[in-house]
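Reviewing the structure listed below.
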Amino acid sequence: MRKAETSRSRVFWGAGGLLLIALAGFGARQTHALSSAEAEIFFVGPNGSDSWSGRLSGANAQGTDGPFATLDAACRAARQLGTKRPRKVVVRAGQYFFDEPLVLSDKDSGLTIESAPGAKVVLYGGRKIGGWKKDGGKFYSIALPEVREKKWDFRALVVNGRFCRRARLPKEGTFAHLSSFDVPWMTSTGGGWKRKPTGEELTTLKYRSEDIGPWLDINNVEITVYHMWDESMVGLSAMDTESRTLTFAGQTGHPPGAFGVKKYVIWNVREGMTEPGQWYLDRTAGKLVYQPLDAEDMSRAVAFAPTIETIIRIEGSRGKPAENITIRGLTLSVTTTPLKAGGFGAGKFAGALSVSSAQDCRFVGLEIVNVGGQGIKASGTRLRIERCHVHHTGACGIRCSGTAAVVSDNHIHDIGLTYPSAIAMQGGGRDCRIIHNEIHETPYTAVNCGGENNRIESNLIYHAMQELHDGGGIYCFAGKGLVLRGNFIRDIIDTGGYGASAYYLDERSEGCLVEGNLSFGVVRPSHNHMAKNNIIRNNVFVSDEDARFTFPMSSGYVFEKNVVYAKGKIVLDNPEGIRTLKNNILFSAEGRIQCNKLERYNRKGSYQLEPENGNLFADPLLVEFDKGRVIFGAGSPVGKLGIKPIDVSGAGRRP
């Protein structure tokens with residue numbers, strides 16, 4: 001980590017309020033450690049020195065001692081005290097810049113790093129850059145020799161606090177390519193593609209002559225190839241203008257044209273600079289080019305370019321986990337990603353905060369903003385991620401897996417700005433809880449979780465699935481004994497492809513319970529694919545159009561005591577997958593409750609559902625639901641069916 005900026009370059013030190021949070025339930029080990037001895041404290045400040053002791057919060061009168069200048073020096077000093085007693089590093093308000101990650105291990109167990117009370121502390125995984133010069137009519141540029149020398153490359157830029165949009169073609173939407181891959185997808189459980197794609201199929205794309213010309217600089221261009229539920233960003237190694245073929249520098253996750261999707265986008269070319277606020281990195285000329293917003297003064301602009309993928313990395317090992325480390329109240333910003341396909345959920349990228357083989361660690365009140373990859377990526381035992389604000393990320397918001405993790409009261413939004421397959425909150429492992437989070441403005445799934453005995457409860461989710469397909473507000477793959485309860489999902493549009501759902505139990509999900517949830521403004525409230533023996537009970541699903549419930553290749557479902565209100569028709573795809581269908585209120589304003597027989601995924605006839613087994617085709621007399629508290633009018637039939645009241649108005653972050 002470099003010392004915080006001094007008089008050699010201008011710095012605007014910030015100060016802001018910090019909400020101090022009292023945490024309960026740390027566990028017996030942590031409570032004992034914190035109470036048995038007072039923590040040894042070291043300080044870090046913008047005007048400090050790594051030659052000082054770090055024991056003073058400010059410089060002494062003689063200027064001979066005071067805080068450290070870097071977190072690295074403070075952590076080294078704390079490490080020398082051993083792990084027998086707690087140590088704390090308190091960081092004063094300011095901006096701190098990192099050339100390499102701060103790495104913590106089992107030797108740092110028991111350490112707390114936190115901002116000083118009321119201090120705004122920002123850790124940057126990059127450099128402040130300046131010296132903009134005019135570059136053509138509308139553009140400004142900065143010479144970056146390291147870029148031309150291939151020593152520095154990045155895919156994110158922050159100017160005046162904005163995660164800036166890269167130059168792109170077309171200006172909006174996507175191009176249509178001419179590549180095809182007509183091999184059947186046999187499902188993930190079935191092994192993927194019926195025939196393995198060849199290297200050529202994974203590295204070439206046929207384009208239309210009207211979309212790309214000889215002007216394309218393959219040294220600069222990057223291509224996003226869209227698939228169904230994910231995408232691949234790749235560079236180019238060659239371009240054949242006669243055959244109109246692009247050859248990628250690396251393989252895509254799926255072949256272009258797979259799933260019948262023929263969409264792609266070109267990034268990082270001067271021809272794509274069509275609107276204010278865009279930028280591209282000219283590797284050929286060794287410069288960064290930016291088009292200012294209207295009235296943006298580039299002589300005063302504050303710009304940051306990333307140099308690293310991770311700012312703080314906590315890494316233990318199987319035999320020696322990193323234990324009882326707390327990070328509290330910091331802001332992490334400005335990171336990058338390597339040029340490669342991110343895979344499902346853009347999961348291959350690192351986090352601004354990356355954690356592995358950790359135990360009883362806590363991450364509280366952090367803000368992760370304007371980062372190129374993941375916000376937080378963590379795995380371990382009894383981890384807690386609480387009251388963090390993760391937003392404007394290139395990839396995912398929070399990824400947390402392991403045993404007995406708690407991810408609660410976080411605010412996650414505006415993620416997947418570079419990689420639209422990014423998932424806002426991804427869990428996994430066993431005995432974990434994803435509770436009381438607020439998640440919105442996501443291009444793909446809001447919450448994804450598999451594993452065993454995990455609970456996804458009281459989350460507020462809206463405006464998900466804005467770009468990709470085959471996901472949902474809550475999407476579960478291969479989950480065993482999952483509980484989805486008390487969640488509130490609304491306003492998810494279906495953009496085509498394999499669709500978008502509110503609650504989605506996918507392949508090999510078994511013994512799961514979907515109970516006491518509310519959805520509205522979602523055409524497909526419940527999608528269930530190759531799943532079995534799950535229960536959907538006592539939920540309320542409201543739709544302004546058709547309401548579709550799908551069970552392809554599923555079996556053994558219980559669907560009972562639900563209220564479905566649709567202004568269009570109600571559709572059940574493969575109702576044979578439902579073992580028990582009883583005591584539901586199914587109201588279609590069109591008077592149509594249509595059951596479609598399926599052979600695998602193909603419709604093979606349909607029939608109208610009959611009112612039997614306690615199911616009522618009656619108006620439930622909904623009075624209110626859009627704020628989360630479901631109220632029925634006098635005379636509603638819900639009472640006689642034993643349907644319990646639903647109030648999810650408290651879903652999302654708690655005060």
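The values are calculated or read from the model by the stated rules, or taken from the named source; none is laboratory data. All values reported here derive from a predicted model rather than from experimental measurement. Note: ideal-geometry Cβ built from the backbone for every residue, glycine included; neighbour counts use all protein chains shown.
Would it be correct to say that Lys627 is at pLDDT 95 or above, closer than 20 Å to Asp491 by Cα, assigned by TED's automatic domain parsing to the domain that holds Asn528 and out of contact with any strand residue (DSSP E or B) (no Cβ under 7 Å at 6 or more places or on another chain)? The answer is yes for Lys627. For the condition in contact (Cβ under 8 Å) with a residue 60 or more places away in the chain, surrounded by fewer than 24 Cβ atoms within 10 Å (Cβ to Cβ) and touching a Ser or Thr at 6+ places or on another chain (Cβ under 8 Å), Glu367 does not qualify.
Can you tell which of Ala28, Ala61 is at pLDDT 95 or above and either within 19 Å of Lys107 (Cα to Cα) or aliphatic (A, V, I, L, M) (or both)? One residue alone meets the criteria, Ala61.
Among the criteria (1) more than 13 Å from the chain's Cα centre (by Cα); (2) crowded, with 24+ Cβ neighbours inside 10 Å, the one Val447 does not fulfil is (1).
Of all residues in the range 216-271, exactly one satisfies the criterion of being assigned to a loop (DSSP other than H, G, I, E, B), acidic (Asp, Glu) and touching a Gly at 6+ places or on another chain (Cβ under 7 Å), namely Asp230.
Looking at the range 199-216, is at least one residue more than 30 Å from Gly351 (Cβ to Cβ), under 30 Å from the mean Cα position of the chain (by Cα) and among the aliphatic types (A, V, I, L, M)? Yes, the range 199-216 contains at least one residue that is more than 30 Å from Gly351 (Cβ to Cβ), under 30 Å from the mean Cα position of the chain (by Cα) and among the aliphatic types (A, V, I, L, M). Of all positions in the range 121-130, at least one carries a residue that is in contact (Cβ under 8 Å) with a residue 40 or more places away in the chain, of a type in the set (Lys, Arg) and either outside the structural domain of Glu275 (by TED's automatic domain parsing) or in a strand (DSSP E or B) (or both). Might you let me know whether the range 367-389 holds any residue that is assigned to a strand (DSSP E or B) and closer than 23 Å to Asp494 by Cα? No - not one qualifying residue is present in the range 367-389. Tell me whether the range 303-316 contains one or more residues that are outside any strand (DSSP E or B), of a type in the set (Ser, Thr, Tyr), over 21 Å from Ile223 (Cα atoms) and at pLDDT 95 or above. Yes, that holds for at least one residue.
Residues satisfying the criterion are absent from the range 90-104 (criterion: in contact with a helix residue (DSSP H, G or I) (Cβ under 6 Å, 6 or more places away or on another chain), surrounded by 21 or more Cβ atoms within 10 Å (Cβ to Cβ) and more than 22 Å from Pro306 (Cβ to Cβ)).
Summed over the range 429-440, residues that are buried (at least 20 other Cβ atoms within 10 Å of the Cβ) and on the phi > 0 side of the Ramachandran plot total 2. The residues listed here are Ser519, Ser543; of these, the one that is crowded, with 18+ Cβ neighbours inside 10 Å and in contact (Cβ under 8 Å) with a residue 40 or more places away in the chain is Ser519. The set of residues from the range 223-233 being buried (at least 23 other Cβ atoms within 10 Å of the Cβ) and not aliphatic (A, V, I, L, M) comprises Tyr226, His227, Asp230, Glu231, Ser232.
Return yes or no: is Leu609 in the same structural domain as Gly521 (by TED's automatic domain parsing), in contact with a Gly (Cβ under 6 Å, 6 or more places away or on another chain) and farther than 27 Å from Gly190 by Cα? Criteria not met by Leu609. Can you find a residue that is loosely packed, with under 15 Cβ neighbours inside 10 Å, assigned to a loop (DSSP other than H, G, I, E, B) and of a type in the set (A, V, I, L, M) anywhere in the range 170-181? Yes - at least one qualifying residue is present in the range 170-181.
Exactly one residue out of Lys150, Lys84 is of a type in the set (D, E, K, R), assigned to a loop (DSSP other than H, G, I, E, B) and under 30 Å from Pro292 (Cα atoms), and it is Lys150.
Among the residues of the range 474-500, those that are within 19 Å of Ile646 (Cβ to Cβ) and either part of a loop (DSSP other than H, G, I, E, B) or not aromatic (Phe, Trp, Tyr) (or both) comprise Ile474, Val483, Leu484, Arg485, Gly486, Asn487, Ile489, Arg490, Asp491, Ile492. Filtering the range 594-617 to residues that are of a type outside the set (Asp, Glu), outside any strand (DSSP E or B) and surrounded by fewer than 14 Cβ atoms within 10 Å (Cβ to Cβ) leaves Arg600, Tyr601, Pro611, Asn613.
Okay, residues lined up against (1) in contact with a Leu (Cβ under 8 Å, 6 or more places away or on another chain); (2) at pLDDT 95 or above; (3) of a type in the set (D, E, K, R):
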residue: Val514; (1), (2), (3): yes, yes, no
residue: Arg524; (1), (2), (3): no, yes, yes
residue: Ser543; (1), (2), (3): no, yes, no
residue: Ala547; (1), (2), (3): no, yes, no
residue: Tyr565; (1), (2), (3): yes, yes, no
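Scan the range 340-364 for residues that are charged (D, E, K, R), in contact (Cβ under 8 Å) with a residue 60 or more places away in the chain and in a loop (DSSP other than H, G, I, E, B) and the total you get is 2.
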